[in-house]
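Here the structure comes first, spelled out in structure tokens, and everything after it is commentary.
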Amino acid sequence: MSIKRSLLSVPFRFCNMALIFFLLIGINAFAADPEVSDSEEAVKAGESLFNANCKTCHKLDQKFTGPALRGVSDRREIAWIQAFVKNSQKVIQEGDPVANELFAEFNNTVMPAHPFLSDEDVMNLLSYIEFGGKEEAVAPGAAGEGAQAGAAAGGVPSEYLTVILAVLVLVLLLILIVLGLIVSVLSKYLNKQPLDDDDKEFINQKTDFKKVLKSDAFVIIITALVVALVAKTAIDGLFSVGVQQGYAPTQPIAFSHELHAGQKEIECQYCHTGVEIGRSANIPSPNICMNCHMHIQNVGGKEGVSPEIQKIYDAVDNDQPIEWVRVHNLPDLAYFNHSQHVKVGEIECQTCHGPIEEMEVVRQHSALTMGWCIDCHRQTEIKTAGNEYYDKLVQLHSASKDALKVKDIGGLECAKCHY
């Protein structure tokens, strides 16, 4: 019986081993990291998450404030990435060697926690990190170059008129010099010819400059030139009233857009929160500054904080607003809505404000005059794709050979800006 039982037990043992083997395979399959999707929807969703939460400190293909992110799903397990993104300090405090090594490598810079991100959000974020951001970057403000060119076409700047006048005066002097040389050569030639006394006297006569200066023609010419210059100066002065192009006031805190918007690539909308939802772009309050500086600037305390950063701490501690000096001023009689241009019209900030990401001190780049705005409305095409609001207008405008522009939808009506 024992032999039979032994023989009968072999198949059962084999079945048990096979069952255990397949269970292990199944467990490993379920425990394997989920695959990072390369779908367009996931990449687009991840891009929005990256721009809102990661772009300030990270780049995809190079070190920045934090490490380069491309390929992180190959270097780390998905579960580790999800835990680290949601609360990096918790992973570090648990003694994870990789997390502590990263923390030390980047000067103990604290990465803000993102507990509001779901696992699906992190997977979308990884989709963008691995498969997005590879298209050629568009130079800032490129979308607004057409509008800038159109605005410039509205008239000749005063500086150009001055140069033109100077060139005309120089050309006139050259003509006078050439005529004087011609007269001198002809006089020498005619003096060698057999002429009567009257002709020789006429040829050799000297110019009496006193009589020329006192002549009516000279007085009229000089008077006309003086009147023209005075009139031009007065007109230029009248046209420049209220125009602050180039205005760059000293601010209470030396905030550098070149550092924040340029090097750090912080989106304008992060600080100017009203630009897509209201008329005003909003000047950021100190708490927006502290969103970054409480993590990035001197994590261990306030020792060593720069004097300019200390002013932000003081404003927060004393519950006092920072008294920024307004740079761009429009007259009260003019209405301008940021959200209409930025959100609806998809106009880049650089179209009006110039290369703001290159400015150490902010200055008014454009004239912001009525003529400048009107020229922009004449030249700027309406972005109608995917917006049903414009379908009827596009249909009505289809007979025209030109693209639908702002001027075609009432952009030149007085009441649009002067209500």
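In region 269-298, which residues are under 17 Å from G345 (Cα atoms) and of a type outside the set (D, E, K, R)?
Q269, G274, V275, I277, G278, S280, A281
Looking at region 237-255 only, could you name the residues that are in a helix (DSSP H, G or I) and surrounded by 12 or more Cβ atoms within 10 Å (Cβ to Cβ)? Lay out the reasoning, then the answer.
Our first condition is that a residue be in a helix (DSSP H, G or I); within region 237-255, this holds for 237-239.
Correct list: F239 only.
Being in contact with a helix residue (DSSP H, G or I) (Cβ under 9 Å, 6 or more places away or on another chain), of a type outside the set (V, I, T) and exposed (fewer than 12 other Cβ atoms within 10 Å of the Cβ): is that true of E47 here?
When the stated conditions are applied, E47 does not pass them.
Can you list residue pairs whose Cβ atoms sit under 6 Å apart, with the first residue in region 45-71 being under 22 Å from P115 (Cα atoms) and at pLDDT 85 or above and the second being surrounded by 19 or more Cβ atoms within 10 Å (Cβ to Cβ) and of a type in the set (S, T, Y)? Count only pairs 6 or more apart in sequence or on different chains.
Pairs that qualify, where the first residue is under 22 Å from P115 (Cα atoms) and at pLDDT 85 or above and the partner is surrounded by 19 or more Cβ atoms within 10 Å (Cβ to Cβ) and of a type in the set (S, T, Y), are G46/S127; G46/Y128; E47/Y128; F50/Y128.
Please verify whether region 382-391 includes one or more residues that are part of a helix (DSSP H, G or I), among the hydroxyl-bearing types (S, T, Y), assigned by TED's automatic domain parsing to the domain that holds L330 and surrounded by fewer than 14 Cβ atoms within 10 Å (Cβ to Cβ). Let's see the steps before the verdict.
Taking region 382-391 and keeping what is part of a helix (DSSP H, G or I), we get 388-391.
Still in the list and also among the hydroxyl-bearing types (S, T, Y): 389-390.
Checking which are assigned by TED's automatic domain parsing to the domain that holds L330 leaves us with 389-390.
After this cut, where a residue has to be surrounded by fewer than 14 Cβ atoms within 10 Å (Cβ to Cβ) as well, the list is 389.
Looking for residues that are part of a helix (DSSP H, G or I), among the hydroxyl-bearing types (S, T, Y), assigned by TED's automatic domain parsing to the domain that holds L330 and surrounded by fewer than 14 Cβ atoms within 10 Å (Cβ to Cβ), one finds at least one in region 382-391, hence yes.
Working only within region 222-234, note down all residues that are over 13 Å from T162 (Cα atoms) and either surrounded by 11 or more Cβ atoms within 10 Å (Cβ to Cβ) or touching a His at 6+ places or on another chain (Cβ under 7 Å) (or both).
I222, L225
Please find, within region 100-126, the residue that is modelled with the highest pLDDT out of those that are among the small types (G, A, S) and either under 23 Å from A52 (Cα atoms) or not assigned by TED's automatic domain parsing to the domain that holds K63 (or both).
Per the criteria, the residue is S118.
The values are calculated or read from the model by the stated rules, or taken from the named source; none is laboratory data. Quick caveat: nothing in here was measured; it's all calculated off a predicted structure. Positions of Cβ are generated from backbone atoms using ideal geometry, with glycine treated the same way; all protein chains shown enter the neighbour counts.
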